[in-house]
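Enquirer: Can you keep this structure in mind? I'll have questions shortly.
Throughout, read-outs are computed from the coordinates displayed, never taken from laboratory work. A quick note: this is a predicted structure, and the numbers were derived from the prediction, not measured. Methodologically, a virtual Cβ is constructed for each residue, glycine included, from the backbone with ideal geometry; neighbour enumeration extends over all protein chains shown.
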Amino acid sequence: MRPSIRPAGYLLAFLICTLALTGCKEEAKKKAESNLPMQAVHVIKVQDEKTTSSMEIMGTVQSADNAVIAARISGHITKLPVALGSKVNKGDLLVKINAAEISAQLVHATAQLSQTNRNLEREKKLLKKGASTPETVKSLEDAQRIAKASVKEVQSMLNYATITAPFSGIITGKSANIGDLAAPGKPLLDLEDESTLQVVANIPEAMILKIHVGDDIPVSIPSAGITTTGKVQEVSPAADPLSRTTPIKLSLPLNSNLRSGQFARLSLPERTINAIFVPQSAILPFGQMERIFIVSGDKARLCLVRSGAKKGSRIEILAGIDPGDQVIVAGNKDLVDGQPVTVNQ
């Protein structure tokens, strides 16, 4: 009869094997490190430093004066003398809509007004001769006012068939063509004044109290290669409850490279924080990673770090090392994790 092995026996055997393998790996690691040559290095001891930090906010370049050109009557478009990018002056023709029905209504209303005017003049003459009554004349005067109002109303509707530019600018959007049916409220064109560009951005509510109308804020537009200063023109009095941000608008100086819709970066007022900085020579790129060697005991130890902003010839380290660490800044090019080092003062 074969003796049974209890589960506790399996567990004990597994632990013994694991410890043996771990010990072997540690021995192999120590042996490999002992075979590495001694490397002379220079180090610095890093400490927290007071520094200023600015928060970057994304914004969009927009025209301060912009309009969506839409129809107010129904009809087929007969004239559309503008294209995308066309520059127009105030009062220039943008869209002409066929309004034959309204023209017919105007003729009808004008004829009614003429007939009412004749009837009124006749009754006034008859009243002087005692052949009419004041009530009849008064009724015709009321009819005359109604007829004049009808003519004015139809004339206004006919004027809507001709759409002109409300201000000088450039056509930035076109959603209609000749022959299309225009309908009340249907957008046809987008018009923007390119001489009044601004940046619109949403500011976190924690920062909004530091921003006031008239403040100057650094702005960069990467696509145009522009770094400039925008002046705060508007600060919304209410925050968005969903995003917890408040919209602001900044005016921009004139620049021929600026275009509506461009991406912009705003640098909000600086704040003081603690940060660790190291010389650029301390950071060793490796693919997408950044490495730094520190001295631990008499050996070099590898640390993966995440860098931040540059400050002169030094780089901020956001994560990976701690204040008090001895960072190797020279002699680190060919170092291996665990390699013995001597520190040159």
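Enquirer: Quote to one decimal, in nm, the extra length available between residue 152 and residue 223 on full extension: 0.36 nm per residue of separation minus the C-alpha distance between them.
Expert: 20.4 nm
Enquirer: Between 0 and 90 degrees, rounded to the nearest ten: what's the tilt of helix 100-128 against the longest Cα principal axis of the chain?
Expert: Orientation of helix 100-128: about 40 degrees from the principal axis.
Enquirer: Oh, and also: Angle check, please: helix 134-159 long axis (alpha carbons) against the longest principal axis of the chain (alpha carbons), in degrees 0 to 90, nearest 10.
Expert: 40 degrees
Enquirer: Sticking with this structure for a sec: Using just the alpha carbons, could you tell me how many Å³ per residue the convex hull of region 100-159 encloses?
Expert: Output value, Cα hull per residue: 53 Å³.
Enquirer: Hull surface divided by four, with the convex hull built on the Cα atoms of region 62-194: how many nm²?
Expert: Taking a quarter of the hull surface, the average projection is 10.1 nm².
Enquirer: Then there is this: Hey, can you grab everything whose amide H is under 5 Å from the amide H of residue 70? Only 5+ residues off in sequence or another chain; H modelled, so Pro and N-termini drop out.
Expert: Placed amide hydrogens put 188 under 5 Å from residue 70.
Enquirer: Given the rule -39500 (n - 2.57) for each run of at least 4 DSSP H residues, summed and divided by the residues of the chain, what is its mean residue ellipticity at 222 nm, to the nearest 500 deg cm²/dmol?
Expert: After summing the helix terms and dividing by the residues of the chain, the value is -8500 deg cm²/dmol.
Enquirer: Specify the residue with the greatest mean-square fluctuation among 157, 55, 289, computed from a Gaussian network of the chain linking alpha-carbon atoms under 10 Å apart.
Expert: 289
Enquirer: Report the residue, chosen from 280, 112, 288, that carries the largest GNM mean-square fluctuation when the chain is represented by alpha-carbon nodes joined by springs under 10 Å.
Expert: Ranking 280, 112, 288 by mean-square fluctuation puts 288 first.
Enquirer: Between residue 54 and residue 336, how high is the FRET efficiency from 1/(1 + (r/R0)^6) when r is the Cβ-Cβ distance and R₀ = 45 Å? Nearest 0.05.
Expert: The pair residue 54/residue 336 has a calculated efficiency of 0.70.
Enquirer: Could I ask something else about it? Between residue 138 and residue 216, what is 0.36 nm times their sequence separation minus the Cα-Cα distance? Round to one decimal in nm. Walk me through the intermediate numbers first.
Expert: Values: separation 78, 0.36 × 78 = 28.08 nm, distance 6.69 nm.
Going from the current span to full extension adds 21.4 nm.
Enquirer: Report the label-to-label distance for residue 86 and residue 38 in nanometres (one decimal), using points 7 Å from each Cα along the Cα→Cβ vector.
Expert: Here the answer is 8.4 nm between the modelled labels.
Enquirer: Just one of (i) 43, 19, 18; (ii) 83, 27, 20; (iii) 30, 26, 20 is semi-axes √(5λ) of the Cα gyration tensor in Å calculated from these coordinates, so which is it?
Expert: From the options (i) 43, 19, 18; (ii) 83, 27, 20; (iii) 30, 26, 20, the structure gives (ii).
Enquirer: In region 100-159, what is the count of Lys pairs whose alpha carbons are under 27 Å apart, counting only pairs at least 8 residues apart or on separate chains?
Expert: Here the count comes out as 10.
Enquirer: Extending each Cα 7 Å along its Cβ direction at residue 286 and residue 255, get the distance between those two points in nm, one decimal.
Expert: It is 4.1 nm.
Enquirer: Please identify the trypsin sites (Lys or Arg not before Pro) of region 112-168 that satisfy two criteria: DSSP loop assignment and at most 14 other Cβ atoms within 10 Å. Which are they? Each step should come with its number before you reach the end.
Expert: Numbers: sites: 118, 122, 124, 125, 128, 129, 138, 145, 148, 152; in loops: 129.
Passing both the DSSP loop test and the Cβ count: 129.
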